[in-house]
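Beneath this line is the structure, given in structure tokens, with notes to follow.
The values are calculated or read from the model by the stated rules, or taken from the named source; none is laboratory data. Not measured: the values here are computed from a predicted model. Quick reminder, even Gly has a Cβ in these numbers, built from the backbone with ideal geometry, and neighbours come from all protein chains shown. Surface areas here come from the heavy atoms of the whole protein model, side chains and all, with no ligands, DNA or RNA. Shrake-Rupley method; radii C 1.70, N 1.55, O 1.52, S 1.80 Å.
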Amino acid sequence: QVQVVESGGGSVQAGGSLRLSCVASGSVAGIKPTGWYRQAPGKTRELVAAISTMNANTRYADSVKGRFTISRDNAKNTVHLQMNSLKPEDTAVYYCRVVYNDYRGQFQEFWGQGTQVTVSS
């Protein structure tokens, strides 16, 4: 069993900020949140920001570099996404990606249900 709780979405005006959080838990081994993806209406899901499960290495979409910051709280098995200087084009459903090892020891991924972020101009 894998549980993912996403929070922090909402509606803001352009230039505003939001902070998304993703908490992962469950009875499987090695469960870790790895990052955030987003999907706007009519578009495919895309990477927003990812953080390594092994170290502090991060990766960002070009469109959010300098505005978004991803961080990890290992004690709480949580990943945060601080989003500043939000733009209307950031409007999308944001999904947390979680990885774990199944009963065979194989790598698996799991997605949260998503949280809506709406930025008005």
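Of 83, 54, the order by accessible heavy-atom surface (1.4 Å probe, DNA, RNA and ligands excluded), from most exposed downward, is 54, 83.
Residue 11 contributes an accessible area of around 100 Å² to the protein surface, as traced by a 1.4 Å probe with all chains present. Taken over the chain, the percentage of Cα pairs per 5 Å bin, counting from 0 up to the bin with the maximum distance, is 2, 12, 22, 24, 19, 11, 6, 3, 1, 0. The listed residues 90, 62, 102, once ranked by accessible area (1.4 Å probe) with the largest placed first, stand as 62, 102, 90. Tally Lys and Arg at +1 and Asp and Glu at -1 over the other residues with C-beta under 12 Å from the C-beta of residue 90: what net charge comes out? Local charge sum for residue 90: +1.
Rounded to whole numbers, the Karplus 3J(HN,Hα) couplings from phi for region 36-47 are 10, 10, 9, 9, 8, x, x, 10, 7, 5, 10, 5 Hz, using 6.51 cos²θ - 1.76 cosθ + 1.60 with θ = phi - 60°, and x at Gly and Pro.
Surface composition of the chain: carbon and sulfur make up 47 percent of the accessible area, probe 1.4 Å. Pick out, from 106, 57, 117, the residue whose Cα sits farthest towards the positive end of the charge dipole of the chain, with +1 on the Cβ of Lys and Arg and -1 on the Cβ of Asp and Glu. Looking along the dipole axis, the top candidate is 57. The largest accessible area among 67, 72 belongs to the first residue in 72, 67, and the rest follow in falling order (1.4 Å probe, all chains). With a probe of 1.4 Å, find how much accessible area the chain has per residue, and write the answer as a whole number in Å². Ligands and nucleic acids excluded, the result is 54 Å² per residue. Residue 96 contributes an accessible area of around 0 Å² to the protein surface, as traced by a 1.4 Å probe with all chains present.
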